[in-house]
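Down below is the structure, laid out as structure tokens.
The values are calculated or read from the model by the stated rules, or taken from the named source; none is laboratory data. Keep in mind that this is a model prediction, so the values were computed, not measured. All Cβ positions, even for glycine, are placed from backbone atoms using ideal geometry, and neighbour counts span all protein chains on display.
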Amino acid sequence: MVEYNPFVRETVHNPFPTYRRLRDEAPVYHNEEVGFWALSRYEDVIAAHLDTDAFSSAHGVTIEGADLGAPFLIVKDPPEHTLHRKIVGRMFTPRRIGLLEPFIRRTAASLLDRFRDADRFDLVQDFSFRFPLDVISELIGIPEALREPIHDLSDRIAARSEDMTTSPDVYQASAELWSLLAGLVKDRRRNPGDDVITLLMNTAVEDEHGDTRTLDDAELASRFLELAFAGHETVAKLIPNAVIALSWYPGQRRELAADPSLLPNAVEEMLRWDPPSHYQGRWTLRDVELHGTVIPADQRVILITGSAVHDERKYPEPELFDIHRSIDRHVSFGFGRHLCLGASLARLETRVAIEELLKRFPDFTFDPAGVERHYSGNVRGLSRLPLVVERSATPV
């Protein structure tokens with residue numbers, strides 16, 4: 001009988017064999033000891049994302065429930081979710097995101113140029129966490145001096161032990177980050193600027209009662225917090241996962257270095273091959289019957305993204321990384337109502353990051369001895385990835 005606990009270190013290191021057994025042997029899986037159900041097949045995960053009458057987000061998206069009652073959009077249902085998403089969505093229009101590309105490219109280039117003459121550097125510590133953090137900070141107006149503290153606090157908030165206990169430090173870090181960002185909101189009230197938080201302060205929308213209002217300071221701090229946290233964590237984890245793939249498949253890396261026009265589709269495959277978020281939690285509002293099994297009402301259910309995007313029923317030979325794979329849609333940024341608002345920004349950042357990396361370092365490997373994994377809830381990624389640069393090609 002297959003056993004699945006996403007906090008077991010062996011599973012975290014390589015969850016894909018377990019995912020395959022879940023899809024084949026237990027597509028509706030129940031872990032009675034921990035207290036959750038799990039869906040692992042692509043079509044089932046998609047359907048659950050869309051069936052918001054049966055699967056609610058309001059009880060949090062983690063197994064352990066640490067985010068229950070959190071002020072994030074991802075743990076809200078309508079009408080509150082609809083109102084706040086309408087406001088925040090105005091900052092992620094295609095036009096606004098497109099205008100950011102020159103700044104994003106300059107940011108990536110300046111960080112990577114520091115290592116032009118280096119034989120090795122840590123991709124995570126020296127680049128992948130700092131790059132998206134600088135981008136989202138400029139976008140929403142976080143001063144440079146606060147960016148590294150915000151990253152450290154974000155890591156502390158996401159950290160989880162193997163026994164699934166939530167350390168008191170998680171709550172302490174959450175309180176510290178909230179206090180820091182609430183202070184920034186108050187400062188922005190006094191000193192408005194040309195940034196997203198000022199835009200959100202001045203944006204009025206109509207609520208479900210037909211009343212028009214703007215966000216108060218607590219709501220703004222919540223939007224600030226989720227943008228700062230989610231706005232860099234996803235890309236910070238996706239870039240190293242992608243670089244692992246490009247190290248294992250050097251032929252495809254060379255293709256991308258020679259022809260950057262292949263990168264948009266390659267980014268879709270990077271998102272599929274090892275997405276930064278491997279599951280999203282839901283709560284059943286009624287009994288749900290699937291594959292002859294009934295999931296009762298008032299149960300935690302996790303939708304296993306990392307398994308859905310490796311489902312052979314959807315993707316032939318899913319364990320292979322293939323930048324030419326045809327991908328019509330996948331669930332790596334969620335789906336339906338809770339599709340990640342920043343998905344287009346994350347795709348742009350990842351494309352630019354890989355393009356600028358390959359311009360300077362078309363040939364590289366990584367040192368397995370120095371790789372360290374970051375253990376968190378539903379986010380899968382590395383805390384260290386020593387990149388070893390091959391000097392067979394002349395950097396531009």
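Quick notes on this structure:
- Only residues that are assigned to a strand (DSSP E or B) and charged (D, E, K, R) were counted across region 280-304, and they come to 3.
- Check on V294, closer than 27 Å to A48 by Cα and without any contact (Cβ under 8 Å) to a residue 12 or more places away in the chain: yes
- Of the residues making up region 223-272, those that are surrounded by fewer than 23 Cβ atoms within 10 Å (Cβ to Cβ) and either of a type in the set (S, T, Y) or not in a helix (DSSP H, G or I) (or both) are S247, Y249, D259, S261.
- Matching residues, region 114-129, being outside any loop (DSSP other than H, G, I, E, B) and either touching a helix residue (DSSP H, G or I) at 6+ places or on another chain (Cβ under 6 Å) or in contact (Cβ under 8 Å) with a residue 24 or more places away in the chain (or both): R120, F121, D122, L123, V124, Q125, F127, S128
- Subset of region 333-350 [part of a helix (DSSP H, G or I) and either surrounded by fewer than 22 Cβ atoms within 10 Å (Cβ to Cβ) or small (G, A, S) (or both)]: G336, R337, H338, A343, S344, A346, R347, L348
- The residues of region 188-212 that are of a type in the set (D, E, K, R), at pLDDT 75 or above and out of contact with any helix residue (DSSP H, G or I) (no Cβ under 9 Å at 6 or more places or on another chain), listed by number, are R190, D194.
Residue by residue, here is whether (1) in contact with a strand residue (DSSP E or B) (Cβ under 9 Å, 6 or more places away or on another chain); (2) of a type outside the set (A, V, I, L, M) holds:
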residue: N265; (1), (2): no, yes
residue: S277; (1), (2): yes, yes
residue: G281; (1), (2): yes, yes
residue: L285; (1), (2): yes, no
residue: T293; (1), (2): yes, yes
residue: Q299; (1), (2): yes, yes
residue: D311; (1), (2): no, yes
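- Every residue from region 309-349 that is in contact (Cβ under 8 Å) with a residue 24 or more places away in the chain and on the phi > 0 side of the Ramachandran plot: G334, G336
- Scanning region 312-334 for residues that are farther than 20 Å from Q252 by Cα and out of contact with any Pro (no Cβ under 7 Å at 6 or more places or on another chain) yields a total of 8.
- Some residue of region 11-18 being in contact with a strand residue (DSSP E or B) (Cβ under 6 Å, 6 or more places away or on another chain), under 24 Å from Y315 (Cα atoms) and aliphatic (A, V, I, L, M): no
- Residues being more than 20 Å from F7 (Cβ to Cβ) and either of a type outside the set (D, E, K, R) or crowded, with 19+ Cβ neighbours inside 10 Å (or both) - total across region 46-64: 11
- Restricting region 139-163 to residues that are in a loop (DSSP other than H, G, I, E, B) and surrounded by 17 or more Cβ atoms within 10 Å (Cβ to Cβ), the residue that is modelled with the lowest pLDDT is R160.
- When region 309-332 is limited to residues that are of a type in the set (S, T, Y) and either modelled with pLDDT of 95 or more or outside any loop (DSSP other than H, G, I, E, B) (or both), the one that is surrounded by the most Cβ atoms within 10 Å (Cβ to Cβ) turns out to be S332.
- For F335, the conditions (1) under 16 Å from A47 (Cα atoms); (2) modelled with pLDDT of 95 or more are fulfilled apart from (2).
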